[in-house]
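The values are calculated or read from the model by the stated rules, or taken from the named source; none is laboratory data. Source: prediction; values computed, not measured. With ideal geometry, Cβ positions are generated from the backbone for all residues, glycine too; neighbour counts draw on all protein chains shown. Calculation scope for accessible area: heavy atoms of the full protein, side chains included, ligands and nucleic acids excluded. Shrake-Rupley method; radii C 1.70, N 1.55, O 1.52, S 1.80 Å.
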Amino acid sequence: MPEPDSKTLHEELDAAEVLLYRVPEGKILVTIWNGVAHEVIYQTPKQLPWSRWLRNRELFRFYGNGLKWKEDWPIEFGFSKQRTDGKLRVLYSRLQDFMTFRTMLFNQTLADAKDADNDA
């Protein structure tokens, strides 16, 4: 893996580290937790709708690993889909044209951490 441009702790989970990579199209953030990449955020906005569609199609194919995606819950700013094996979720912001791919394990861990903070 190439050397990141910066490293920080995850804002919601101190046990996770966020690696930032600058690319010509913007930024890619990779969250490492327990030695494994659990979240990848593509902050690589495209100007033209067809270029967004092509990029999104390729990302869904790559992360889909031959499986389909289903919309799992509505969100106002875009959509949320889950891979049919239940192991991966994607969040898409239409406004910013950002995509976040996250393991369901990490998603649940973040939800549990928020619940613990709310109970404290």
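Of the residues making up region 93-110, at least one is assigned to a helix (DSSP H, G or I), open to solvent by less than 50 Å² (accessible area, probe 1.4 Å), closer than 17 Å to residue 16 by Cβ and among the aliphatic types (A, V, I, L, M).
Those residues that are surrounded by 12 or more Cβ atoms within 10 Å (Cβ to Cβ) and not in a strand (DSSP E or B), I need them from region 32-52; list them, please. Answer for region 32-52, where residues must be surrounded by 12 or more Cβ atoms within 10 Å (Cβ to Cβ) and not in a strand (DSSP E or B): 44, 45, 46, 51, 52. If you check residue 29 against the conditions, is it crowded, with 17+ Cβ neighbours inside 10 Å, touching a residue at least 40 places away in the same chain (Cβ under 8 Å) and of a type outside the set (Phe, Trp, Tyr)? No.
In region 1-15, which residues are open to solvent by less than 40 Å² (accessible area, probe 1.4 Å) and over 14 Å from the mean Cα position of the chain (by Cα)? Selection gives 4, 13.
If you go through region 53-92 one residue at a time, how many are open to solvent by less than 70 Å² (accessible area, probe 1.4 Å) and in a helix (DSSP H, G or I)? Count: 7.
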